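Trainee: This is the structure I want to talk about, given as structure tokens.
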Amino acid sequence: PADRREGETGEALGIVQRLISRTRPFEHYRIEGEVARGGMGKILEVWDEDLDRRLAMKVIVDGTSAGAGANAGDPGTITRFLDEARVTGQLDHPGIVPVHELGLDSEGRVYFTMKLVKGQTLKDVFDLVRDGQEGWTRTRALGVLLKVCEAMAYAHDKGVIHRDLKPGNVMVGKYGEVYVMDWGLARVLGQEDERDLRIRAEAPLPSSALQSERAASRGETPESPLYTMDGDVVGTPAYMSPEQARGDLAAMGPHSDVYALGAMLYHLLGGHMPYVPYGAVLNNYAVWSAVQNGPPPPIASLAPDAPAELIAICEKAMAREVDRRYRDMSALSRDLAAFVEGRVVAAHQTGAWAETKKWVQRNKPLAASLAVALVLLVGGLATSLTLGARAERNAVLAADNAARADEKATEADRLRKEAVAREEAATARAAAVWAIEELKHFHTLDDDLEYVRRQDRPTYVWWLEKAHELVDGRPADPARGLRKKPGLADHQRLLAEIRQAARAPTEPELAADRASHPRAKELETKRAEQLWTERMLGLEPWPSEAEVEARLASEGAPTDAAALDRRASLLVDPDARVFGRELEAVALARRAVEVAEDKERAMYRDTLAWALLWTGKLDEAVAEERRAIEEMGPWERIPYEGYLHRIESLAQPFRDGKARTGRDALVSEVAALEREVSERIFRFDDREKEWWNTHLGQLEQDLVELEARIASAERSVTGPEPTQKWKEAIEAIATHPKYGGL
């Protein structure tokens, strides 16, 4: 422990010394490559050596520098660049990429850094939905649009409109995160905008060969931006509102972004952007002209199978008259959420009947069960009355025939008990159905602060009373006309009775249920990661390298160095690991290095170094990366020195044994996942019992969770510690000069 503390102290002192000796603010960034390039700036991937993290850095690319004077570039470009940085930096929302720092680089150019976002653009997602690939569905894509609505509603609340919303400016991460990007055209409402928003009648002429190639592509693509009379980008025509296409600055506002979101929904439903048929190549000026002349083809004609509610949402958002569109992005978001959740969409139809139909569609099993429960209640009552009458007749017969009296009385008693039991069972099941609905209603009221505040007692008292009644139940109160309300224990007894009729699942059924479990894929990945970790720690053996190479030879592995390297790179990417194929990556990367030309060999050595790292050959990995750096030119070495640092960092836990802690955590996580995936499954041949098992099981789980919340709430309100804190607070107020005597 003492050695470790010394090492940590030395490392901290080294960082502090580096900060003290730094002469320029830009020194702690190491540029690792270019990510993208636009009309005003380029995006670089950089490594922040102080905080050990990757960032995106946006830099002006037209030669403009803040320190070289006005002659070095267009001051307007710098102003707009700074506006983008400051506007984005003030929008603190999970759906908007945070800006970290604004500064000057080593060449005097203005830059700002932000979070590095990796993933797919929403345009790529729309293509995957259209082609039915990678599990993307229309409903899943609607979830992304909902997150865009939330981010834009926040920006509008802050007085900022985007003015260039389009699928290409929305990034979707691999864990479901969604970011609205590129706020270069954003405008702060209420501030004067001196730009000339009239659009040029034709594409601007390029000034260099490189620009010519890009300008030609830009001018012939409907996704390319348009340029204003004073040379600014003004937006992408296919998603541009009519008022923006006209250059009417006074008419633009949050409703202009609402139109663009509607155009993105049009793209999702129709399979292509508005005004541009699928597969067509149109000039962006032709699209711009079409936007001004009239609406695109009706979405119903392009997607006849699209739900009428979504068509209504799209048409309302893209209405050419501003007053016919959604009032704001929040209203659009509510309608989209209503469609996804199976509720009434205001743009389509409203009213009590519409609400009722939607409720039945959302709760078909529950609606059917309510009807069944009602029938059972009526049937049970009728049966009880019938059997009662029969019992009375038997009593009359008993008076005439003493020999048969006992037999008939016994039979009547048995039948009466059966009727009562059936009635009680029907009542218990009906009560369970109402308990499910009452619990949902309670959670709704729990979130309705206005309703809670209107109660005649403190909020926590009201909440605890209602929650206890749901969990503990309520005894009958004939004086007040109240029947017994069952609680958690009653529902659990009914569930146990129903599960007595369950049959044991077959092995194929068990296997199918486990394979289709929502966390089955996660379990498979975690098992592979655990096995890899144990191999790295020497707890499990690695497969035979000779067998791996023989298998690759039999499968016909590529012979070209570039193809070999590409295949190996996909397996060793540190940000997208493929567990279990590490030796395959080593074999492919070695072969790529062997057959590569001299000028390419250093790059392929980098891939081999990563493959060696993931197979536990730590020293060989570091040595291979250093050989790659030595074989490169001075300017090419910069990013690879970063890769070397990262390889050494990733290898260190396996050198000092700290990786064993991670392995222990993996073992526990895999065990928990296996228990969850292998939980007992109840099977019923009776569909009604299967329905009751599902819904009573969920009710039991919800009430157990509510019981835990009650215990936590009571500890936080009535326990010894909060009671003492209230007492101390009251005494402090009483003795304070300002509140003395109160």
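The values are calculated or read from the model by the stated rules, or taken from the named source; none is laboratory data. Just so it is clear, the structure is predicted and the values come from calculations on it, not from any experiment. No Cβ is skipped: glycine too gets one built from the backbone with ideal geometry, and neighbour counts run over all protein chains shown. Just the protein is used for accessible areas: all its heavy atoms, side chains included, with ligands, DNA and RNA removed. Shrake-Rupley method; radii C 1.70, N 1.55, O 1.52, S 1.80 Å.
Trainee: I'm trying to understand the selection: among the residues of the range 612-670, which are among the small types (Gly, Ala, Ser), assigned to a helix (DSSP H, G or I) and farther than 14 Å from Met536 by Cα? Explain how you work it out, then say what you get.
Mentor: As a first pass, look at the range 612-670 and keep what is among the small types (Gly, Ala, Ser): 616, 621, 623, 628, 633, 642, 649, 651, 657, 659, 662, 665, 668.
From what is left, the residues that are assigned to a helix (DSSP H, G or I) are 621, 623, 628, 642, 649, 651, 659, 662, 665, 668.
Once the filter is applied, which keeps residues that are among the small types (Gly, Ala, Ser), assigned to a helix (DSSP H, G or I) and farther than 14 Å from Met536 by Cα, the range 612-670 yields Ala623, Ala628, Gly642, Ser649, Ala665, Ser668.
Trainee: The conditions are (1) touching a Leu at 6+ places or on another chain (Cβ under 6 Å); (2) surrounded by fewer than 16 Cβ atoms within 10 Å (Cβ to Cβ), and Ala592 fails exactly one of them. Which is it?
Mentor: (2)
Trainee: Within the range 295-305, is even one residue surrounded by fewer than 23 Cβ atoms within 10 Å (Cβ to Cβ), in contact (Cβ under 8 Å) with a residue 60 or more places away in the chain and not aliphatic (A, V, I, L, M)?
Mentor: No, the range 295-305 has no match at all.
Trainee: Arg601 - would you say it is among the basic types (Lys, Arg) and either open to solvent by 70 Å² or more (accessible area, probe 1.4 Å) or not in a helix (DSSP H, G or I) (or both)? Spell out the reasoning first.
Mentor: Working: among the basic types (Lys, Arg): yes; either open to solvent by 70 Å² or more (accessible area, probe 1.4 Å) or not in a helix (DSSP H, G or I) (or both): no.
It is false that Arg601 is among the basic types (Lys, Arg) and either open to solvent by 70 Å² or more (accessible area, probe 1.4 Å) or not in a helix (DSSP H, G or I) (or both).
Trainee: Inspect the range 558-579 for any residue being under 35 Å from the mean Cα position of the chain (by Cα) and either of a type in the set (S, T, N, Q) or at positive phi (or both) and give the result as yes or no.
Mentor: Taking the range 558-579 and keeping what is under 35 Å from the mean Cα position of the chain (by Cα), we get 563-579.
Keeping just the survivors that are either of a type in the set (S, T, N, Q) or at positive phi (or both) gives 569.
Yes; the residues of the range 558-579 include at least one that is under 35 Å from the mean Cα position of the chain (by Cα) and either of a type in the set (S, T, N, Q) or at positive phi (or both).
Trainee: Does Leu265 satisfy the criteria of being open to solvent by less than 70 Å² (accessible area, probe 1.4 Å), within 27 Å of the chain's Cα centre (by Cα) and touching a residue at least 12 places away in the same chain (Cβ under 8 Å)? So that I can check it myself, show each step before the final result.
Mentor: Numbers: open to solvent by less than 70 Å² (accessible area, probe 1.4 Å): yes; within 27 Å of the chain's Cα centre (by Cα): yes; touching a residue at least 12 places away in the same chain (Cβ under 8 Å): yes.
The answer is yes for Leu265.
Trainee: Also, quick follow-up: Considering the range 117-169 alone, what residues qualify as being closer than 13 Å to Val180 by Cα, part of a helix (DSSP H, G or I) and out of contact with any helix residue (DSSP H, G or I) (no Cβ under 7 Å at 6 or more places or on another chain)?
Mentor: Lys147, Ala151, Tyr154, Ala155, Asn169
Trainee: Report yes if His517 is part of a loop (DSSP other than H, G, I, E, B) and over 29 Å from Trp610 (Cα atoms), otherwise no. Steps first, please.
Mentor: Working: part of a loop (DSSP other than H, G, I, E, B): yes; over 29 Å from Trp610 (Cα atoms): yes.
Taking the combined requirement at face value, the residue satisfies it.
Trainee: While we're looking at this one, here's another question. What single numbered condition from (1) in a loop (DSSP other than H, G, I, E, B); (2) free of Cβ contacts under 8 Å to residues at least 40 places away in the same chain; (3) open to solvent by less than 80 Å² (accessible area, probe 1.4 Å) fails to hold for Glu469?
Mentor: The single condition Glu469 does not satisfy is (1).
Trainee: Can you tell me which of Ala562, Ala501, Ala568 is of a type outside the set (D, E, K, R), surrounded by fewer than 16 Cβ atoms within 10 Å (Cβ to Cβ) and modelled with pLDDT of 90 or more? Don't jump to the end; show me each part of the working.
Mentor: On the way: Ala501 fails: modelled with pLDDT of 90 or more; Ala568 fails: surrounded by fewer than 16 Cβ atoms within 10 Å (Cβ to Cβ).
Residue meeting the stated conditions: Ala562.
Trainee: Kindly check whether there is at least one residue in the range 612-619 that is of a type in the set (Gly, Ala, Ser) and either farther than 17 Å from Glu545 by Cβ or open to solvent by less than 20 Å² (accessible area, probe 1.4 Å) (or both). First the steps, then the outcome.
Mentor: So the first thing to find is which residues in the range 612-619 are of a type in the set (Gly, Ala, Ser), and the list is 616.
Imposing the further condition that a residue be either farther than 17 Å from Glu545 by Cβ or open to solvent by less than 20 Å² (accessible area, probe 1.4 Å) (or both) reduces the set to none.
Checked against the condition, which is being of a type in the set (Gly, Ala, Ser) and either farther than 17 Å from Glu545 by Cβ or open to solvent by less than 20 Å² (accessible area, probe 1.4 Å) (or both), the range 612-619 yields no hits at all.
Trainee: Further question: Name every residue in the range 559-586 that is in contact with a helix residue (DSSP H, G or I) (Cβ under 7 Å, 6 or more places away or on another chain), aliphatic (A, V, I, L, M) and not in a loop (DSSP other than H, G, I, E, B), in order of residue number.
Mentor: Selection gives Ala561, Leu564, Ala568, Leu571, Val572, Leu583, Ala585, Val586.
Trainee: Of the residues that make up the range 104-117, is at least one at positive phi, at pLDDT 85 or above and of a type outside the set (Lys, Arg)? First the steps, then the outcome.
Mentor: Let us first name the residues in the range 104-117 that are at positive phi, namely 108.
Now drop any that are not at pLDDT 85 or above, which leaves none.
No, there is no match, as no residue in the range 104-117 is at positive phi, at pLDDT 85 or above and of a type outside the set (Lys, Arg).
Trainee: Cβ-Cβ below 8 Å, separation at least six or inter-chain, first residue in the range 541-561 and without any contact (Cβ under 8 Å) to a residue 40 or more places away in the chain and under 23 Å from Ala528 (Cα atoms), second of a type in the set (A, V, I, L, M) and open to solvent by less than 80 Å² (accessible area, probe 1.4 Å): which pairs?
Mentor: Partner pairs satisfying both residue conditions: Val548/Leu583; Val548/Ala587; Glu549/Ala587; Leu552/Ala587; Leu552/Leu588.
Trainee: Search the range 639-659 for residues that are open to solvent by 50 Å² or more (accessible area, probe 1.4 Å) and pair each with any residue that is aliphatic (A, V, I, L, M) when their beta-carbon atoms are under 7 Å apart and the residues are at least 6 apart or on different chains.
Mentor: Glu641/Ile629; Glu648/Val622; Leu650/Leu613; Arg655/Leu618
Trainee: Further question on the same structure: Which condition breaks for Glu690 when tested against (1) touching a helix residue (DSSP H, G or I) at 6+ places or on another chain (Cβ under 8 Å); (2) closer than 27 Å to Pro505 by Cα; (3) open to solvent by 80 Å² or more (accessible area, probe 1.4 Å)?
Mentor: Only one criterion is unmet by Glu690, namely (1).
Trainee: Just one of the numbered conditions (1) crowded, with 16+ Cβ neighbours inside 10 Å; (2) without any contact (Cβ under 8 Å) to a residue 40 or more places away in the chain; (3) acidic (Asp, Glu) is not true of Glu134; which one?
Mentor: (1)
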